[in-house]
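Take a look at the structure set out below.
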Amino acid sequence: MTMILSVAVVAALGLGLGWLLGLASQWLGATTDPVVERLTEALPGSQCGQCGYPGCGQAAIALSKGEAPVTLCPPGGRVVAEKLAEILGTTFDPGNLPDRGPLLARVRTDYCIGCSRCIKSCPTDAILGATKQLHVVLEEACIGCGACAEVCPTGGIDLEGIPVTLRNWRWHKPGVGHA
């Protein structure tokens, strides 16, 4: 009997505290700006820091306040800049913004000396290897930021476009006016 009473008391306490937490979240809940949410979704989300902000969320807040240009994301390139300008309802001058598409780091095996500088500089831990051993880049994790290529003392890391395979090939829609 005391066991059932103990379970009932703990269950009632849990339900009561859960109900209070639900009420508190409705009254004290933080509201987020929908524009910031849309901007955050448009950014790559890799938190690489190349834009000068610690993460994509902080960059989206700066964009919404007008403190940063829509061209702030180097890995996103022209495509992300166009999306950001569309969300903010502004125009931008692409100027010398490269239309390169996504890039991946590739380790050239004949130049890698295993110094491990690239591993330490990668913001997404996309490079595997050990000191004095050949390193390899995980394509799924690489964001193409180029931080590894900048610190490589031998120039053994190249940034290349993503190769077209059957998994990522897309049929390009014909332009307007074409038959």
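Distant-in-sequence amide contacts of Ile157, defined by a placed amide H-H separation under 5 Å and a gap of 5 or more residues or a different chain, comprise Arg108. Rg/Rh for the stretch 34-96 (Cα atoms only, Rh after Kirkwood) is 0.90.
Result for the chain in a Gaussian network model with C-alpha springs under 10 Å: among Ala68, Ala81, Ala105, the largest mean-square fluctuation is at Ala68. Of interest is the spacing of the C-alpha centroids, which for the stretch 1-53 and the stretch 107-170 amounts to 38 Å. Normalised radius of gyration (Cα atoms, divided by 2.2 N^0.38 Å) for the chain: 1.53.
Here the sum of -39500 (n - 2.57) over DSSP H runs of 4 or more residues, divided by the residues of the chain, equals -11500 deg cm²/dmol at 222 nm, to the nearest 500. What a 1.4 Å probe finds exposed on the stretch 103-161 is 51% carbon and sulfur by accessible area, rounded to a whole percent. Expressed as a whole percent, the accessible area of the stretch 34-96 that falls on carbon and sulfur atoms is 50 (1.4 Å probe). When exposed loop sites are taken as trypsin sites (Lys or Arg not before Pro) in a DSSP loop with at most 14 other Cβ atoms within 10 Å, the longest stretch of the chain clear of them is 1-99.
Kindly provide log₁₀ I(q)/I(0) values, in the same order as q = 0.15, 0.17, 0.27 Å⁻¹, from the Debye equation applied to equal alpha-carbon scatterers of the stretch 103-161. Debye curve over Cα of the stretch 103-161, log10 I(q)/I(0) at q = 0.15, 0.17, 0.27 Å⁻¹: -0.32, -0.42, -1.15.
Normalised per residue, the accessible area of the stretch 1-111 is 68 Å², obtained with a 1.4 Å probe and no contribution from ligands, DNA or RNA. Thr71 sits with roughly 60 Å² accessible to a 1.4 Å probe, with DNA, RNA and ligands left out of the calculation.
The values are calculated or read from the model by the stated rules, or taken from the named source; none is laboratory data. What you see is a predicted model; the values in this text were computed from it and never measured. FYI the Cβ positions are ideal-geometry reconstructions off the backbone, even for glycines, and counts take in every protein chain you see. Accessible surface areas use protein heavy atoms only, side chains included; no ligands, DNA or RNA. Shrake-Rupley method; radii C 1.70, N 1.55, O 1.52, S 1.80 Å.
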